[in-house]
Amino acid sequence: MNKTTDVVDRDEPVEIGSGEIWSLRLYVAGSTPKSVAAFANLKRICERHLAGKYTIEVIDLLEQPQLAAGDQILAIPTLVRKLPEPLRRIVGDLRDTERTLVGLNLRPATDA
Amino acid sequence: MTTTAGDVNARARELAKAPSGIEGLDEITGGGLPAGRPTLVCGGAGCGKTLFAMEFLVRGAIQHGEPGVFVTFEETGRELTDNTRSLGFDLDELIRDKKLVLDFVRVERSEIEEVGDYDLDGLFIRIGHAIDSIGARRVVLDTIEALFGGLSNAGILRAELRRLFRWLKDKGVTTVITGERGEGTLTRHGLEEYVSDCVILLDNRVIEQVSTRRLRIVKYRGSAHGTNEYPFLIDRNGISVLPITSLSLQHEVSDERIPTGIARLDAMLSGGGYYRGSTVLVSGTAGSGKSSLAAHFANACCARGERCLYVALEESPAQIVRNMRSIGIDLTPWVAKDLLRFHATRSGMYGLEMHLAVIHKLVAEFAPRAVVIDPISNLNQSGTHIDATAMLTRLIDFLKLEQITAVMTSLTSGGGALEQSEANISSLVDAWLLLRDIEIYGERNRAMYIIKSRGMAHSNQLREFLLTDRGIDLQDVYRGEEGVLTGSARQSQEARERAGALRRQQEVEAKERELDRKRAALETRILALRKEFEAEEEEARRVIRQDEASVEVIRENRLRMAVSRKADRAPEARSRKTEETRA
């Protein structure tokens, strides 16, 4: 919990309530380099910004293809922020931390 | 250039085809869409792409035992189900029976953030899963270009689409991919680059406020196909494409004769009536009895127990029934027995192609032995004259192929240009009856004659055409010195001819009297002249006598003078002088 304050680099949005749990779901299709990279990047970002407040569920569509329709999965890899609402979707290997943070609504898109 | 059915069949053996189930399309394509390959169906908004794709799936599932997957990017499954229910497709039932899977892929740019590299494996897996869940043989992607609206990385998209189509081909499913038509390209995002096996273009054109749907096969790799634009219909039975441009002149002919419904007309047509499967044109001015003639034919047809389709382009069915009752033809029992079916529509309702398409469809549904089109001249209003002729050519060709006897009426504007204006149609028809008004002495009468009737020795005589309360009656006309006469003019002409004969008799007598008088006058004058001459002669003789007397006096005087001068040659001189006087 202490780390939450540590990760505030710049203008960290503070609407994350203390008891709030981030429920994230990463859709992959087998162990492709993109999927592996996406998981690694996500893990790193969460540890840094949401330590202890998140869960990551990795769904391999090769094993559970029926789950693709439910979350409107099109691209692989896709990260879905189930909670907090509203639902957000980020496709790609998440190599750009800043844009991932914006996509997850951890940072307002004020840049540029 | 037209491709014969034989060619298409020969090629069809080389390439496996999946019957589309869409009426008419399989004829044009020689069997259907390329089996196990993707087909691109493109066209503008509202041209029927989605319906085309849906019908392909539904017909495949119901008629050909090929389950299908419909991947929609634009409408939700619910919307699709509702929209297609109006066309008689119950998608829910198909889904329950595991013959169909609907998958709505929602692509919303505002919901998607793109960070880094990705591929469309998710879509592949979804489609693959849907295919596997019901063992689908057919797939529709409608409209996959929506991906370009949802994802910004066109480079990835293009590569992935190429891979997708290849993957679908490898899976051996017959796929229909729809695409929105772009400016100057078949599809907005150039999908035609990736789908090279078969491309079908749908079009909904509006010409002179009348819209016509058309379908054209732009390409079909490895197969012969019809290259024309074919009109198509969307109605409660789905899409029907009308392969009606095949002008092969291969139709069979029949020697069977069918009555015209008018005994006297049958007699004029060498005793039998029209040939079955022939096309009869009945032309005439307004009110000359064209519809009545056509109704007689329809009535006779139904009386024989044969179905007849009556295409009314001018009057409502109720009006036709009422009017025909007034001349003793009751069509209502035939309508009740479904032997006679009316199709009434304004000719301006839709384009020529559509009229043709509708008639085509009705004929296919109702399977009539005879068709009445009343009148075809109205079709000129829905297109140019050339278009109308082309359409009629196709219609006649189609009806002949089906061995359907057709009676078409045509309203002519009257005057000398009447035959001229219909020359182009008349060459297509087998028999041509002309109804004509003969207007004399404040009375209009109808007359009919046969301009031509192919393959029979028909009467060349004009008949007076009477509309009685017992139907049409054909009467011999009066043939006199002043041509053909009908009605009361015929009677008055006979009276007039009698009067004329009497008058001529009187004229002859008068002339003879005149001659006599002239002869008498002439003789009188001859007499007078003779008398005058005699008088003149008498006078002349009197003068001569006086002259001779005076000559005698001179001669005697001269003699007396010579005697006094003692002349000696006097007798000779005297004789010469006498001769001169006499001459």
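For the subset of segment B:66-105 comprising residues that are of a type in the set (D, E, K, R) and touching a residue at least 12 places away in the same chain (Cβ under 8 Å), which member is nearest to residue A:71 (Cα to Cα)?
So the residue we want is B:103.
Quick check: is even one residue across segment A:36-52 buried (at least 20 other Cβ atoms within 10 Å of the Cβ) and under 21 Å from residue B:152 (Cα atoms)?
yes
Answer yes if at least one residue in segment B:355-374 is crowded, with 19+ Cβ neighbours inside 10 Å, among the acidic types (Asp, Glu) and modelled with pLDDT of 85 or more, and no otherwise.
There is at least one residue in segment B:355-374 that is crowded, with 19+ Cβ neighbours inside 10 Å, among the acidic types (Asp, Glu) and modelled with pLDDT of 85 or more.
Only one residue in A:36, A:7 is closer than 20 Å to residue A:95 by Cβ and at pLDDT below 55, so which one is that?
It is A:7.
Of all residues in segment B:104-118, which are surrounded by 20 or more Cβ atoms within 10 Å (Cβ to Cβ) and either at pLDDT 90 or above or more than 7 Å from chain A (Cβ to nearest Cβ) (or both)?
Residue satisfying the conditions is B:118 alone.
Hey, does segment B:165-187 have a residue that's touching a Phe, Trp or Tyr at 6+ places or on another chain (Cβ under 8 Å), at the interface with another protein chain (Cβ under 10 Å from one of its Cβ atoms) and of a type outside the set (A, V, I, L, M, F, W, C)?
no
Answer yes or no as to whether residue A:76 is among the aliphatic types (A, V, I, L, M) and either within 8 Å of chain B (Cβ to nearest Cβ) or out of contact with any helix residue (DSSP H, G or I) (no Cβ under 9 Å at 6 or more places or on another chain) (or both).
Spelling it out, residue A:76 is indeed among the aliphatic types (A, V, I, L, M) and either within 8 Å of chain B (Cβ to nearest Cβ) or out of contact with any helix residue (DSSP H, G or I) (no Cβ under 9 Å at 6 or more places or on another chain) (or both).
Among the residues of segment B:123-156 satisfying the criterion of being surrounded by fewer than 20 Cβ atoms within 10 Å (Cβ to Cβ) and of a type in the set (A, V, I, L, M), which is nearest to residue B:63 (Cα to Cα)?
Going through the qualifying residues, I end up with B:134.
Would a scan of segment B:131-145 turn up a residue that is out of contact with any Leu (no Cβ under 7 Å at 6 or more places or on another chain), within 14 Å of chain A (Cβ to nearest Cβ) and in a strand (DSSP E or B)?
Yes, there is a match, as at least one residue in segment B:131-145 is out of contact with any Leu (no Cβ under 7 Å at 6 or more places or on another chain), within 14 Å of chain A (Cβ to nearest Cβ) and in a strand (DSSP E or B).
Identify the single condition in (1) touching a residue at least 24 places away in the same chain (Cβ under 8 Å); (2) over 23 Å from residue B:87 (Cβ atoms); (3) of a type outside the set (Phe, Trp, Tyr); (4) part of a strand (DSSP E or B) that residue B:195 does not satisfy, given that it satisfies every other one.
It fails just one condition, (4).
Being outside any helix (DSSP H, G or I), under 20 Å from residue B:405 (Cβ atoms) and either in contact with a strand residue (DSSP E or B) (Cβ under 6 Å, 6 or more places away or on another chain) or in contact (Cβ under 8 Å) with a residue 40 or more places away in the chain (or both) is true for just one of B:359, B:373. Which residue is that?
Sole residue among the options that is outside any helix (DSSP H, G or I), under 20 Å from residue B:405 (Cβ atoms) and either in contact with a strand residue (DSSP E or B) (Cβ under 6 Å, 6 or more places away or on another chain) or in contact (Cβ under 8 Å) with a residue 40 or more places away in the chain (or both): B:373.
Looking at this structure, is residue B:223 assigned to a strand (DSSP E or B), modelled with pLDDT under 85 and either touching a Leu at 6+ places or on another chain (Cβ under 6 Å) or in the same structural domain as residue B:353 (by TED's automatic domain parsing) (or both)?
So residue B:223 fails the test.
Determine which member of the set A:51, A:40 is among the small types (Gly, Ala, Ser) and either in a loop (DSSP other than H, G, I, E, B) or within 8 Å of another protein chain (Cβ to nearest Cβ) (or both).
The match here is A:51.
Could you grab me the full set of residues in segment A:89-109 that are in contact with a helix residue (DSSP H, G or I) (Cβ under 8 Å, 6 or more places away or on another chain) and at the interface with another protein chain (Cβ under 7 Å from one of its Cβ atoms)?
Within segment A:89-109, A:89, A:90, A:92, A:93, A:94, A:95, A:100 qualify.
Restricting to segment A:21-36, and then to whatever is more than 8 Å from every other protein chain (Cβ to nearest Cβ) and assigned to a helix (DSSP H, G or I), can you tell me which residue is nearest to residue B:73 (Cα to Cα)?
Top of the filtered list is A:35.
Would you pick out the residues in segment B:32-47 that are buried (at least 21 other Cβ atoms within 10 Å of the Cβ) and touching a residue at least 40 places away in the same chain (Cβ under 8 Å)?
B:33, B:34, B:37, B:38, B:39, B:40, B:41, B:42, B:43, B:47
If residue B:348 meets every condition in (1) surrounded by fewer than 21 Cβ atoms within 10 Å (Cβ to Cβ); (2) modelled with pLDDT under 90; (3) not in a helix (DSSP H, G or I) apart from one, which number is that one?
Condition not satisfied by residue B:348: (3).
Step by step: first the residues of segment A:54-73, then only those that are part of a loop (DSSP other than H, G, I, E, B) and among the hydrophobic types (A, V, I, L, M, F, W, C), then the one that is farthest from the other protein chains (Cβ to nearest Cβ). Which residue is that?
A:62
I want to confirm something. Restricting to segment B:119-130 and keeping residues that are within 19 Å of residue B:68 (Cα to Cα), within 9 Å of another protein chain (Cβ to nearest Cβ) and of a type in the set (A, V, I, L, M), which single residue is nearest to the chain's Cα centre (by Cα)?
So the residue we want is B:130.
Taking segment A:79-88, which residues are touching a strand residue (DSSP E or B) at 6+ places or on another chain (Cβ under 6 Å) and within 9 Å of chain B (Cβ to nearest Cβ)?
Result: A:79, A:88.
The values are calculated or read from the model by the stated rules, or taken from the named source; none is laboratory data. All values derive from a computational prediction rather than experimental measurement. In this analysis, Cβ positions are derived from the backbone assuming ideal geometry, glycine residues included, and neighbour counts consider all displayed protein chains.
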